[in-house]
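To start, the structure itself, in structure tokens.
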Amino acid sequence: MVKTFDLVIFGGTGDLSRKKLLPALIAGVVAGRVSPDSRIYLTSRSAADETVAGWLTKVFAETAPACHVSDDNFATFASMVRFVQLNLGEGGDDWKALAADINKQDDRPLVHFLAVPPSLFTSVCDQLGANGLNGERARVVLEKPLGHDYDSAEAINADVARHFAEGQTFRIDHYLGKEAVQNLLALRFSNILFERLWSNRTIDHIQITAAENIGVEGRAGFYEGTGAIRDMVQNHLLQLLCLVAMEPPARLDADSIRDEKLKVLKSLEPLEGDAIDRNVVRAQYGEGAVNGKAVPGYAADLGLKDKSQTETFIALRTHIQNWRWAGVPFYLRTGKRLPARFAEIVIQFKDVPHSPNAAWGASINPNRFIIRLQPEDHLALRVMMKNHDSSSDELKEVELRLDDVGAKGPMRMGPYLRLILDAARGDQSLFVHRAEVAHAWRWVDRIIAHWQAKPATLKTYSAGTWGPYEAHDLMSRDGRTWYHDG
Ligand code: BG6
């Protein structure tokens with residue numbers, strides 16, 4: 001495992017860095033997974049007006065790192081971090097000085113993490129190339145969403161490819177770094193039990209939900225014009241769908257996994273025209289109450305004067321057009337300001353073909369396999385058992401459950417630490433290939449184009465509810481319900 005590396009975070013004092021990357025890195029130092037010899041450069045446009053230690057103290061007070069950090073660990077971490085003032089768009093002495101400092105130590109992996117808007121990816125990579133920071137030991141990590149549609153993503157990928165080979169390009173989707181997601185792969189491909197059941201012969205449908213109770217949290221500039229389909233569906237939800245639906249890869253290496261995921265994306269039922277109206281629900285939250293606290297609607301939340309067309313909620317139904325999945329609907333759902341924060345995949349099996357006991361007939365629930373990604377992670381199989389509390393032949397549904405399937409305490413790696421370490425050692429298995437990004441954009445672009453032509457498709461839901469009526473209707477028309485639906 002590589003522990004010593006240099007990391008340059010472009011957008012180093014920004015939201016992603018403060019909320020996710022720095023807490024992940026200090027946790028890595030505490031757990032001994034990141035060596036104190038590593039160097040972390042935080043770039044920003046303006047000069048720092050405080051010390052690294054002073055700034056980090058404030059950052060960690062806000063974001064409360066998951067593990068306990070002693071004074072010693074904090075001091076070690078602060079000594080690894082340095083501020084760099086940099087004009088990202090223009091070359092010059094700042095860039096040269098950064099390159100000279102980095103290259104003083106050229107015997108270790110060098111990871112450039114682009115935590116900046118995708119519109120800056122090209123100019124940052126141009127400068128990395130011009131300043132000799134793209135050599136063999138360098139890797140570039142591109143945060144999602146990569147572009148805002150197929151064309152812009154292709155243009156960025158082509159620009160990045162002028163300086164970094166595909167093997168050096170790490171398109172991050174932090175959902176792939178979540179423990180339960182990796183467990184899904186382990187479970188599917190190292191147990192005969194699940195694989196035999198994993199098809200339209202036994203599975204009725206699949207639900208994938210990523211629910212959030214927070215709103216846009218100070219990211220108005222990013223979110224308005226992005227919306228839930230670009231922020232969550234094009235990447236996180238489609239990636240989860242790929243992992244659930246892909247064929248067993250020949251090997252668990254990057255190429256084999258990514259080839260199989262790509263086949264799923266290519267097999268997605270293309271949604272067009274009226275099919276979009278029937279199968280995709282989009283909505284924006286209005287005012288309401290989340291966890292008992294009154295909250296304003298989206299436009300007021302963002303201080304917008306004009307009506308916004310940005311969706312904060314999506315529910316959709318799609319199919320995968322291949323032998324394994326023909327006829328099995330995949331329902332995807334995500335939203336902000338919902339009643340709770342959780343992410344889970346629910347595999348719902350078919351009803352038993354025949355009940356041998358008439359008394360059971362009405363009370364047999366279908367089996368469900370639940371992969372819970374967060375806030376806690378667990379795997380649960382819901383099965384029917386005899387009800388011990390009853391003297392009759394009644395059944396009850398019980399849960400066979402594996403809790404916290406991964407490591408605990410400080411040895412537990414959050415997704416960003418896991419993925420940064422993977423990038424440092426050059427393992428792309430949990431990163432997204434250029435072709436996957438392209439196919440995912442093509443699929444969502446058609447939906448977005450349809451909405452642009454039909455603004456009335458945007459519905460409203462009250463904050464603190466499970467989305468608009470139409471999201472429930474999407475399921476109930478098929479005689480199904482969302483597993484979590486308040
Ligand atoms: C990010 C989105 O990729 O994922 C955010 O940009 C969202 O809008 C976040 O809040 C959710 O991540 P997690 O890990 O908290 O589910």
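So the values come out like this:
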item	result
Residue in segment 212-225 that is of a type in the set (A, V, I, L, M), open to solvent by less than 10 Å² (accessible area, probe 1.4 Å) and within 16 Å of the ligand (Cβ to nearest atom) present	yes
Residue check, Ala153 open to solvent by less than 10 Å² (accessible area, probe 1.4 Å), within 13 Å of the ligand (Cβ to nearest atom) and of a type outside the set (D, E, K, R)	no
Cross-chain or 6+ apart pairs with Cβ under 6 Å, segment 170-197 first and outside any helix (DSSP H, G or I), then within 14 Å of the ligand (Cβ to nearest atom) and open to solvent by 20 Å² or more (accessible area, probe 1.4 Å)	Ile172/Glu143; Asp173/Lys144; Lys178/Pro415
Selection from segment 381-409 of residues that are modelled with pLDDT under 75, away from the ligand (no atom under 16 Å from the Cβ) and open to solvent by less than 70 Å² (accessible area, probe 1.4 Å)	Ser390, Ser392, Asp404, Val405, Ala407, Gly409
Sole residue being within 26 Å of Pro415 (Cβ to Cβ), open to solvent by less than 20 Å² (accessible area, probe 1.4 Å) and touching a residue at least 40 places away in the same chain (Cβ under 8 Å), chosen from Phe83, Phe113	Phe113
Number of positions in segment 356-380 that are open to solvent by 20 Å² or more (accessible area, probe 1.4 Å), within 16 Å of the ligand (Cβ to nearest atom) and assigned to a strand (DSSP E or B)	1
Single unsatisfied condition, Ala61 versus (1) surrounded by 11 or more Cβ atoms within 10 Å (Cβ to Cβ); (2) without any contact (Cβ under 8 Å) to a residue 60 or more places away in the chain; (3) under 21 Å from Ala27 (Cβ atoms)	(1)
When residues of segment 282-325 are limited to those that are among the charged types (D, E, K, R) and in a loop (DSSP other than H, G, I, E, B), the one most open to solvent (accessible area, probe 1.4 Å)	Lys305
Residue in segment 40-55 that is polar (S, T, N, Q) and surrounded by fewer than 18 Cβ atoms within 10 Å (Cβ to Cβ) present	yes
First in segment 212-227 and within 23 Å of Ala340 (Cβ to Cβ), second anywhere and within 8 Å of the ligand (Cβ to nearest atom) and hydrophobic (A, V, I, L, M, F, W, C), Cβ under 8 Å, 6 or more apart	Tyr223/Val216
Set Ser17, Ser38: member being in contact with an Asp or Glu (Cβ under 7 Å, 6 or more places away or on another chain), under 15 Å from Phe83 (Cα atoms) and modelled with pLDDT of 90 or more	Ser38
Cβ-Cβ under 8 Å pairs, at least 6 apart or on other chains, segment 469-482 side β-branched (Val, Ile, Thr), far side not in a loop (DSSP other than H, G, I, E, B)	Thr481/His472; Thr481/Met475
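The values are calculated or read from the model by the stated rules, or taken from the named source; none is laboratory data. Quick caveat, the model's predicted, so the values are computed rather than measured. Please note: Cβ atoms are built from the backbone with ideal geometry, for glycine as well, and neighbour counts cover all protein chains shown. Side chains are part of the model used for accessible areas, which takes the heavy atoms of the whole protein and leaves out ligands, DNA and RNA. Shrake-Rupley method; radii C 1.70, N 1.55, O 1.52, S 1.80 Å.
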